[in-house]
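Nothing in this text is a laboratory measurement; each read-out follows from the coordinates by a stated rule. The structure displayed is predicted, hence computed values, not measured ones. Cβ atoms come from the backbone with ideal geometry, glycine included; neighbour counts cover every protein chain shown.
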Amino acid sequence: MNATARIIYTILMTACLLASATAAPPALAASHPDWTMFGWDVGRSSAPDVPMGITAANLKTLQRQRVRIDGTVDASAIYLHGVNVKGTLHNVFFATTTYGKTLAIDADSGAVLWEFTPASYDRLKGSDRITTATPAANPDKQAIYAASPDGMIRQLAVADGRVEWRTSITRLPAREKIASPLAFFNGRVIATTGGYIGDEPPYQGHVAILDANTGKLLHVWNALCSSQLELLDPRSCPQSDAAIWGRAGAVIDAKTGHIFVATGNALWNGVQYWGDAVIELNADATQILGNYTPTNTDYLNDNDLDVGSTSPVLTGGPYVVQGGKEGVLDVLDWRELQGAAPHRGGESSSVPTPDGAKLFTAPAVWHHAGATWIYVADNGGTAAFTLHGDTLHREWHNDRAGTSPVVADGMVFVYDPHGDLYVYNASSGRQLDELDCGGGHWNSPIVVDGMIAHPEGDANDHNSSGVLDIWRLPPHSHKNA
């Protein structure tokens, strides 16, 4: 079904459902937002610019539901408000488990509305072949896009989970892992690949761009053998690795469509091998527009200190912030790093990560009161920075570990993978609440439409069951009241 047909279908179906429904469906209102991909927007800011309905005043009234699901979601959920599922309107969370099951979960009741299971599930269940990718939704709200450890990206119908197309983005799924979240932009699905624990060769990190309507693989950019703009047999390239595996995956400048990625350990020569680098690609991923690698790139490669353990942070201005396993945040003046010619070194400034630890999470970027705030969590602390010119200034800090932060309604939500979700005042860092939940790994929350959704569990436990926590306001103050 093409995009025009989907729009017509949606209008007709919605009219019919509203006219014939015997029970009142969830209220529809333009003020109810969707959360369509990891990080809220294509720039992965993780900081919605609209109210989400949870405030410091009502935070402590939230009520938690633990939803048991058939798998571990070591990623984030996404959310669509007021969509047709099996003939009835629902508010729905969607999530993908480590072995590729994708579930539609009623946000108001916790009921599983449908569950898609890939054909590879029984073969891979319990193995090291996993995905930690967050799905993405088409803004038309008729389809979502999900990854699985068989190397496939699938378009699934929101209405019933039916597969509408499937496309492989690797010729060697046993080596090339889809770890990072998917993105949707301008009618295209953008995905990246990395490798599995141990970096067993051969594999090449790459960016894959698919036509969202047909599933056709349009373009591929390879971090190694980058002159070959096609899906490679990994054994055909003499170099391996350069994983693109950061928690935010491909980060897109919404104004230009340009794609920013960071790569992991591999050879760097600034020509066709781009290990431990930050790369800006054009919207088709056919041309390098800018690039950066540290001066000690050889040392990083030799010592497993990936630049690409985290994704580039777009600040809304000329500066890009890049972390990595070295435990520092580098501020890069991207105006000085333009062009395909290699750029080695040239950082404008650097500060330690919150605990000086390796950074595996995706920072959040909040523009507030004329300032750019950047929230970062690592395995030993959480901190807020403001960007002043080309320098990061630390505004507050605590010693609590965290995954990828989310900023909503003046608050920062940070999950400690040892257990519990913490809420801080975004400006002062004062703790506002501690929400009880179990332990995990990469999992991070979304805060949307008066609810919080957060998965529990660690992909490395290889479980086929898990939990999605949903916190809601009590009925008398519900978002649809």
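Annotations for the structure displayed:
- When only alpha carbons are used to place a centre, the range 143-211 and the range 255-300 end up 20 Å from one another.
- The range 410-454-the range 25-89 distance, computed between alpha-carbon centres (Å): 14
- In the chain, the ratio of gyration radius to Kirkwood radius, Rg to Rh, stands at 0.95 when only Cα atoms are counted.
- Cβ-placed point charges (K, R +1; D, E -1), dipole of the range 159-263 about Cα centre in debye, nearest 20: 140
- Of the peptides 143-152, 385-394, 407-416, 220-229, the order by per-residue mean of other Cβ atoms within 10 Å, starting with the highest, comes out as 143-152, 407-416, 220-229, 385-394.
- Sorted peptide list for 231-239, 89-97, 463-471, criterion being average Cβ within 10 angstrom, highest first: 89-97, 463-471, 231-239
- The order of the peptides 422-433, 244-255 by mean Cβ neighbours within 10 Å, most packed first, is 244-255, 422-433.
- Entry for the range 292-445 at q = 0.09, 0.14, 0.15 Å⁻¹: log10 I(q)/I(0) = -0.28, -0.67, -0.76, Debye formula applied to identical alpha-carbon scatterers, no solvent contribution.
- Lysine pair count for the range 3-477 (Cα-Cα distance under 27 Å; residues 8 or more apart in sequence or on different chains): 14.
- Across all directions, the average projected area of the convex hull around the alpha carbons of the range 244-320 is 5.0 nm².
- Under Karplus coefficients 6.51, -1.76 and 1.60, residue-wise ³J(HN,Hα) of the range 172-187 in Hz, glycine/proline x: 8, x, 5, 10, 9, 9, 9, 9, 8, x, 7, 10, 10, 7, 6, x
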